[in-house]
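Below is one structure, written out as structure tokens; the observations come after it.
The values are calculated or read from the model by the stated rules, or taken from the named source; none is laboratory data. These numbers were taken from a predicted model, which means no experiment stands behind them. When we count neighbours, we look across all protein chains shown, and the Cβ atoms used for this are built from the backbone with ideal geometry, even at glycine.
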Amino acid sequence: MSAITPAVEYAIRQFLGREAMLLDNGRLDDWVNLLDEGILYEIPLRISARKQEDQFPKGAFRMHEDMAMIRKRLERMGTSENWAEDPASRTVRTVGSIFVEEDEGGGIFRVHSALSLYRQRALDRAYEWIPARRIDRIRIEASGECRLVRRTIILAETILQTPNLAVFL
Amino acid sequence: MVMHIAQSRSGIGERLDDILARTRSELDRGLVPVNIFANADIFDAEMERIFAKSWVFLGFESEIPDKGDFMQRRIGRDSVIVTRDTKNDIHVLANFCRHRGTRLCQTDVGNQSHFRCPYHGWVFRNNGDWIGAPDKSKAYKALDPKNWGLLKAPHVESFLGMIFASLDPDAPALMDYLGGAAWFMRGLMDLHPAGMSPMGPPDRYKVRGDWKTGSENFGGDGYHVGVAHGSVQTIELAQGFDVLNNFSTHYVIPGGHSFLGHDFDSMFGPDGHVWYYPPDIQQHFDLDRLDPLLQDVVKKNPPIVGTVFPNLSFLRFFGPPSPGKPPAVYTSWRQWQPTGPGEMELWSWQLKWDFMDEQQASDSYAAGQFGFSSAGIFEQDDTVVWEGAPEAARSVWARKENIAFNMQMGMEGMGQQKLDESWEGPGEAWRPGPGEPSQRAFYQHWLSQMAETSQ
Ligand code: FES
Ligand SMILES: [Fe+2]
């Protein structure tokens with residue numbers, strides 16, 4: 001465990017910026033290379049409750065995925081029957097409020113960020129907006145490269161206003 | 001958020017009664033006029049004639065296990081509070097203060113013995129009783145509490161742990177309303193005395209499709225699976241889509257309910273019976289709880305989807321909790337919540353058997369969510385293809401040409417589907433597929449409810 005150095009913060013900011021660019025440009029095969037084989041990508045289910053801690057009922061989720069599931073999603077997106085995303089949504093994501101909170105050891109840092117995802121599907125006149133907070137575990141390897149080890153996505157919405165989560169957040 | 005959902009009013013010469021009359025004549029030919037999918041008058045009539053009259057599903061008793069627990073749910077577009085009072089009785093209350101209408105409950109769940117209105121402070125017990133107001137003796141000395149309690153659903157009943165309510169004082173008993181559907185629900189949920197309960201609150205997402213489309217699709221649309229969900233077979237996470245219809249039975253139950261059975265053994269081999277549940281799950285089942293005919297259905301032709309009128313559906317299928325792992329059977333409970341003409345919220349619960357250990361439950365949950373949830377690899381595609389009907393319904397051109405959608409599949413002269421004359425269970429059994437008898441029956445029942453009070 002160590003203090004968060006400017007070099008660490010720089011590496012993480014660059015990583016998140018690059019990741020956003022890859023996702024918005026549909027470069028999912030490149031994106032998946034940023035993930036650790038042991039990735040956990042999860043979206044806990046959120047409800048309206050008075051206390052923050054009651055908003056996330058234990059064990060309930062919209063997504064709870066390992067690498068095999070993410071790879072299958074990519075495979076599905078590569079078929080000619082991916083009707084949810086045919087063509088792929090045009091997305092622009094803003095990743096901000098980046099806060100490298102803690103060195104968790106083993107080169108892994110706990111990183112908070114806010115995500116504002118603009119999504120326009122197919123020929124929609126309207127757009128959809130998916131706002132979320134993310135809590136990432138990012139590992140900085142000896143080579144200086146980063147890998148996403150875990151991502152927890154906290155959606156602002158309890159009732160999702162976009163019809164599906166066919167885009168990665 | 002920009003979500004321009006155009007709501008079409010009746011066009012010229014298109015009064016509600018005209019649309020219903022036309023629906024009547026078209027339905028006899030297996031056609032459904034496009035007009036009923038995004039029309040504001042139709043929608044308003046549905047709220048009054050269907051949702052305020054039917055028995056509507058509200059959730060599970062296990063979601064409010066303790067005294068004082070409550071959950072906010074919907075009957076049609078109305079927000080209701082489902083409470084468990086100090087005597088363990090369950091009540092369904094309108095979620096607004098009788099004084100000036102302020103919302104009493106702003107959260108999805110909670111636990112409290114009473115609801116205090118944030119506007120002027122009227123207080124209601126969690127059984128709906130009016131119990132007080134600030135300065136009562138000076139302000140409301142003569143107010144009769146009996147007249148000012150929260151609106152309370154006149155009928156609330158539970159079946160297999162599910163809570164239903166009807167706002168119609170003259171409603172039949174729940175069992176009479178469900179009729180043959182109750183028999184099939186037993187086959188689904190009563191294989192073990194402790195039954196099933198949801199693993200968490202519903203996953204909720206807004207879909208720009210009509211609630212009827214969800215109900216009708218899950219009532220028996222085996223035909224779309226190979227196309228709309230073709231990708232899932234292509235990536236080898238499911239199988240049998242190409243032969244699905246050859247082994248299907250449409251169980252059509254009076255009252256607008258329907259179930260779509262499949263001959264699992266013929267489709268998936270000798271281990272297919274009882275929904276392909278693996279031995280470690282099946283060993284807990286006691287099929288003797290069911291009558292012999294229902295046992296036979298569960299073994300040979302169990303329903304994988306079904307709909308209880310108006311807007312409750314389920315799905316039971318199998319898939320891996322993660323690719324490469326052995327398949328788990330999942331049971332998804334879903335409700336098509338109407339929010340406006342041609343738009344709904346999809347609410348989806350994953351259920352578990354009470355006897356499941358943690359691993360079995362989490363495998364079932366993961367497999368179910370991977371397929372059917374806001375991110376589900378099956379469900380995603382439905383949320384998009386269902387956007388079409390309301391869009392078509394908003395088309396002036398479609399209405400000008402009197403366009404009707406086709407539900408003629410399997411009708412006389414169209415296909416091979418036959419009424420099984422030897423069927424001794426409730427309703428009718430039509431087999432094999434492909435066919436759409438369930439869809440036609442759903443809209444027939446919808447029409448009968450819509451037309452009943454229209455004169
Ligand atoms: S509106 Fe509730 S007390 Fe006045
Ligand atoms: Fe579907």
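A:T79 satisfies every condition listed in (1) surrounded by fewer than 16 Cβ atoms within 10 Å (Cβ to Cβ); (2) within 7 Å of another protein chain (Cβ to nearest Cβ); (3) within 22 Å of A:D136 (Cβ to Cβ) except (3). Restricting B:S166, B:S215 to residues that are more than 28 Å from B:R84 (Cβ to Cβ), in contact (Cβ under 8 Å) with a residue 12 or more places away in the chain and more than 16 Å from ligand 1 (Cβ to nearest atom) narrows the list to B:S215.
One residue is enough: does region A:21-44 have a residue meeting the conditions more than 14 Å from chain B (Cβ to nearest Cβ) and in a strand (DSSP E or B)? Checked region A:21-44: at least one residue is more than 14 Å from chain B (Cβ to nearest Cβ) and in a strand (DSSP E or B).
On the stretch given as region B:296-313, residues that are out of contact with any His (no Cβ under 7 Å at 6 or more places or on another chain) and without any contact (Cβ under 8 Å) to a residue 60 or more places away in the chain total 1. Checked across region A:79-97, the condition of being part of a strand (DSSP E or B) and within 21 Å of A:A3 (Cα to Cα) holds for at least one residue.
Could you give every pair whose Cβ atoms fall below 7 Å, whose first residue belongs to region A:2-25 and is closer than 19 Å to A:R134 by Cβ, and whose second residue is assigned to a loop (DSSP other than H, G, I, E, B), counting only separations of at least 6 or pairs across chains? Note: pairs meeting the criteria are A:A11/A:G144; A:E19/A:L34; A:L23/A:F168. In the set (1) surrounded by fewer than 20 Cβ atoms within 10 Å (Cβ to Cβ); (2) more than 9 Å from chain B (Cβ to nearest Cβ), the condition left unmet by A:E85 is number (2). Among the residues of region B:305-320, is there at least one that is more than 23 Å from B:Y365 (Cβ to Cβ) and assigned to a helix (DSSP H, G or I)? Checking region B:305-320: not a single residue is more than 23 Å from B:Y365 (Cβ to Cβ) and assigned to a helix (DSSP H, G or I).
Within region B:276-286, being buried (at least 16 other Cβ atoms within 10 Å of the Cβ) and assigned to a helix (DSSP H, G or I) holds for B:I281, B:Q282. For A:Q52, only one of the following conditions fails: (1) touching a residue at least 12 places away in the same chain (Cβ under 8 Å); (2) over 17 Å from the mean Cα position of the chain (by Cα). What is its number? In the conditions (1) touching a residue at least 12 places away in the same chain (Cβ under 8 Å); (2) over 17 Å from the mean Cα position of the chain (by Cα), A:Q52 misses (1) alone. Taking A:I12 as the residue in question, decide whether it is within 14 Å of chain B (Cβ to nearest Cβ) and buried (at least 19 other Cβ atoms within 10 Å of the Cβ). Here the answer is no, as A:I12 does not meet what is asked. Close Cβ contacts (under 7 Å, 6 or more residues apart or on different chains) running from residues in region B:68-81 that are surrounded by fewer than 16 Cβ atoms within 10 Å (Cβ to Cβ) and basic (K, R) to residues that are in a strand (DSSP E or B) and at pLDDT 95 or above comprise B:R77/B:P338; B:R77/B:T339. Within region B:129-144, the set of residues being aliphatic (A, V, I, L, M) and outside any loop (DSSP other than H, G, I, E, B) comprises B:I131, B:A139. Only residues that are assigned to a loop (DSSP other than H, G, I, E, B) and either near ligand 1 (Cβ under 10 Å from one of its atoms) or within 14 Å of chain A (Cβ to nearest Cβ) (or both) were counted in region B:101-116, giving 9. For region B:212-221, the set of residues classified as near ligand 2 (Cβ under 10 Å from one of its atoms) and touching a helix residue (DSSP H, G or I) at 6+ places or on another chain (Cβ under 9 Å) consists of B:G214, B:N217, B:D221, listed by residue number. Of the residues that sit in region B:372-386 and are touching a Phe, Trp or Tyr at 6+ places or on another chain (Cβ under 6 Å) and surrounded by 24 or more Cβ atoms within 10 Å (Cβ to Cβ), which one is farthest from the other protein chains (Cβ to nearest Cβ)? So, considering only residues that are touching a Phe, Trp or Tyr at 6+ places or on another chain (Cβ under 6 Å) and surrounded by 24 or more Cβ atoms within 10 Å (Cβ to Cβ), the one farthest from the other protein chains (Cβ to nearest Cβ) is B:F372. Please indicate, with yes or no, whether at least one residue in region A:119-133 is part of a strand (DSSP E or B), among the polar types (S, T, N, Q), farther than 19 Å from A:I4 by Cβ and free of Cβ contacts under 8 Å to residues at least 60 places away in the same chain. Within region A:119-133, one or more residues are part of a strand (DSSP E or B), among the polar types (S, T, N, Q), farther than 19 Å from A:I4 by Cβ and free of Cβ contacts under 8 Å to residues at least 60 places away in the same chain.
Residue-by-condition table, conditions (1) within 13 Å of ligand 1 (Cβ to nearest atom); (2) part of a loop (DSSP other than H, G, I, E, B):
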| site | (1), (2) |
| --- | --- |
| B:F70 | no, no |
| B:R74 | no, no |
| B:N88 | no, yes |
| B:H91 | no, no |
| B:F96 | yes, yes |
| B:H99 | yes, yes |
| B:P118 | yes, yes |
| B:F124 | yes, no |
| B:N127 | no, yes |
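Listed conditions (1) within 14 Å of another protein chain (Cβ to nearest Cβ); (2) more than 16 Å from ligand 2 (Cβ to nearest atom); (3) under 27 Å from B:K53 (Cβ atoms) are all met by B:G200, apart from (3). Within region A:57-72, the set of residues being buried (at least 17 other Cβ atoms within 10 Å of the Cβ) and either in a loop (DSSP other than H, G, I, E, B) or within 7 Å of chain B (Cβ to nearest Cβ) (or both) comprises A:P57, A:A60, A:F61, A:R62, A:M63, A:H64, A:D66, A:M69, A:K72.
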